[in-house]
Amino acid sequence: MNVAVVGAQWGDEGKGKVVDLLAPNFSLVARYQGGPNAGHTVVFGGRSHALQHIPSGIFHPHVRNLVGAGTLIDPDRILEEIAALRAQGIALEGHLVLSPRSHVILPCHRALDAAREGRLGGSAIGTTKKGIGPAYSSKAERWGLRLADLADAEEVERQVAQLLATGVGDLLASVGAEPLDAKDVAARARGWWRDLGPLVGDVTGELHRAIAAGQPILFEGAQGTMLDVDHGTYPFVTSSNTIAGGIPASLGIAPRAVERVVGVVKAYTTRVGAGPFPTEDTGALGDRLREAGREYGTVTGRPRRCGWFDAVAGRYAVRLNGLDALAVTKFDVLSGLPTVKIAVAYELDGERLDTVPPTVREYARAVPVYEELPGWNEPLTGVTSLAALPKNARAYLDRFTELAECPIGLLSVGPDRTATIIPDGSLLEPFRGALR
Ligand code: IMP
């Protein structure tokens, strides 16, 4: 069975932990969008491992990790990531395959990202400044370089000279960014290809063969549904399709190959960067969630904005992705609160709204309508079944799934692999072995 794991909120839901847990039962783990803006954290053996481009199946030696055509690769950054993994004794040859069609993030993309954000001032998106928007723009505008292009440094020089001739140099100069030099990029390309070339392979062909042979594939999403470029809180989004619909397009496979979709959600909500967030709490509750949940960005270290679970956004994610199950993370963080709330609807200009409005102007004015439930004091560490949860915790979860209109497939009560509950009847029951 092929399973996709996607973020069902604004990113940082804990997808890395879920993918790492499920990975042993799959032959292939494939990333389909995003690039070094992602920061997937996997905790095991008392250590925390941060990944950016590389799929979270990399810690399992028999799993092949594929990075698909719809992703972006920053050669310098991925080489740092590779060096850190090698230093921990993790072999990459034969375990990591990069698509020749992935687009390359060049230094000019990073410069443009930072410069635009600076100029936007108070209206900035709050990007990770990794060059994501400009690199996806250059792909859409057809002046990007792809990984396969790096194999031929002379061709790189010719392509960069051509893009300079078509105005990219002026664009860089207009924002005060360092000029792009064709010879310099060509020289870098030689080094990049020397180090990355051995990892480049036919990702799409490998997926086609695996699908034909019935080998199970795990698709790994980055960021989250509400950051999807088409369906998220545009323009406060990332520049790719984060939803499950992005998988077939980015990997070059049939939509029907995505057989099941699991949406990862926190038991509350967080967001980094600017943009509407109806349940945000800028007071004591927000601080309490941020500290208890260690809500600081993996990539940028920024404090995350925090608030109650938003079942309206949750339902929207269930429908957009066709979610079969929710993986609820950080449930332990809610212990010790006298009451817990869930947003069940919004109010906008005196009217009740049951879904996410299309513009951020409207969304910024949407006021959550809350349902309040009694809290629980017991810590959840060591709890291994839903039946063993405190009564109020169980009641909260029941209401949570009812409002989100999706069953719980997995519940995480701590960062470690072992702090995970897979309920009876969950579609993820075959993965219980990984919890020990
Ligand atoms: P970009 O992807 O760097 O262009 O950033 C666009 C928006 O997406 C910003 O609000 C970022 O904070 C957010 N974002 C990008 N990647 C992640 C992620 O992995 N987790 C959470 N938010 C992200």
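Bear in mind that the values in this text are calculations on the coordinates, not laboratory data. Worth saying up front: this structure is predicted, and the values here are computed from it rather than measured. Ideal geometry is used to build each Cβ from the backbone, glycine not excepted, and the neighbour counts take in all protein chains shown.
For the reader, a short list of remarks on this structure follows.
- Local electrostatic count at L51 - Lys and Arg +1, Asp and Glu -1, tallied over other residues with Cβ under 11 Å: -1
- Highest to lowest packing among 331-339, 312-320, scored as the average C-beta count within 10 Å: 312-320, 331-339
- Cα gyration tensor category, rounded, prolate or oblate, for the range 260-383 with a/c compared to 1.5: rounded
- Sorting 178-184, 22-28 by average packing, meaning the other beta carbons within 10 Å per residue, from highest down gives 22-28, 178-184.
- Cα-projected label distance for N377 with R194, points at 7 Å along beta-carbon direction, nm: 6.4 nm
- Count Lys and Arg as plus one, Asp and Glu as minus one, and take only other residues whose Cβ is under 13 Å from that of A83; the net charge is then -2.
- Residue-averaged 222 nm ellipticity for the chain, from DSSP H runs of 4+ at -39500 (n - 2.57), nearest 500: -9500 deg cm²/dmol
- As a calculated quantity, the FRET efficiency between A87 and E155 at R0 = 25 Å, using C-beta atoms, amounts to about 0.15.
- Applying 0.36 nm per residue to the separation of L79 and R209 and subtracting their alpha-carbon distance, the gain on full extension is 44.0 nm.
- Most to least packed among 221-228, 304-311 [average Cβ atoms within 10 Å]: 221-228, 304-311
- Number of Lys pairs (Cα under 30 Å; 8 or more positions apart or on different chains) in the chain: 28
- Charge tally for Q159 (other residues, Cβ to Cβ under 12 Å; Lys, Arg +1; Asp, Glu -1): -2.
- The fewest-to-most ranking of D424, D12, D202 by surrounding Cβ atoms within 10 Å reads D424, D202, D12.
- Part-to-part distance (alpha-carbon centres) for the range 398-436 and the range 186-207, which is given in Å: 37 Å
- Separation of alpha-carbon centers, the range 3-81 and the range 115-162, rounded to whole Å: 23 Å
- Label-point gap, in nm, between D202 and T355 - each point 7 angstrom along Cα→Cβ: 4.2 nm
- Shape of the range 166-290, Cα gyration tensor, a/c cut at 1.5: oblate
- Nearest-0.05 FRET efficiency for V43 and A187, computed from C-beta distance (R0 45 Å): 0.70
- In degrees, nearest ten, helix 182-196 long axis to first principal axis of the chain (Cα): 60 degrees
- Each residue, R319 and A387, gets one label point 7 Å from its Cα in the Cβ direction; the gap between the two is 3.7 nm.
- Whether the range 95-251 is rounded, prolate or oblate, judged on the alpha carbon gyration tensor where a/c under 1.5 counts as rounded: oblate
- Between the range 301-360 and the range 246-299, the alpha-carbon center distance in angstrom: 10 Å
- Percent of beta bridges antiparallel (DSSP, the chain, rounded to nearest 5): 40 percent
- Relative contact order [Cα under 8 Å, 6+ residues apart], the chain, whole percent: 19 percent
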